[in-house]
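For reference, the structure is listed below as structure tokens.
What follows draws every value from the coordinates through simple rules; no lab data is involved. None of the values given here were measured: they were computed from a predicted structure. Heads up, the Cβs are rebuilt from the backbone with ideal geometry, glycines too, and the neighbour counts pull from every protein chain shown.
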Amino acid sequence: MDYLATIVAQAHVTKPDALRLIALAAGSSVEGAATAHPFVPLVGGGRVEVEIPKFGESPPLAIDVYSPRGLDEARALARSLQGALAGLTDWPTEVR
């Protein structure tokens, strides 16, 4: 079972660009980039997936951070990623 924490970002960005920036911030790479379910693997077995707004919808961008180690670990990973993204982007974010 994977536990989930979500970073909500007010950003206008494509899914491939968001994943590329997340991979850069996490010191990782995008896996499955040409598939329907691309993700960024994290140390310890976690991963990050991105949900973008549908056509015509406004942001937010949902950055889902999963961890097999529990909800507290998912939230810690999300906060760490949030901090790393703050150094690369101007996206206003919050962890939920």
Query raised in the report: How compact and how long is segment 3-95, expressed as Rg and Dmax of its alpha-carbon atoms in Å?
Result: 12.1, 37
Report summary line: Under the 7 Å Cα-to-Cβ spin-label approximation, THR14 and LYS54 lie apart by a distance in nanometres of 2.2 nm
Query raised in the report: If you place +1 on the Cβ of every Lys and Arg, -1 on the Cβ of every Asp and Glu, and leave all else neutral, what size is the dipole of the chain about its Cα centre, to the nearest 20 Debye?
Result: 80 debye
Requested in this report: Would you work out the relative contact order for the chain, in percent, from Cα pairs under 8 angstrom that are 6 or more residues apart?
Outcome: 41 percent
Report summary line: Using alpha carbon positions and the Kirkwood radius, the Rg to Rh ratio of segment 7-48 is 0.95
Query raised in the report: Per residue, what volume in Å³ does the Cα convex hull of segment 33-74 take up?
Result: 82 Å³
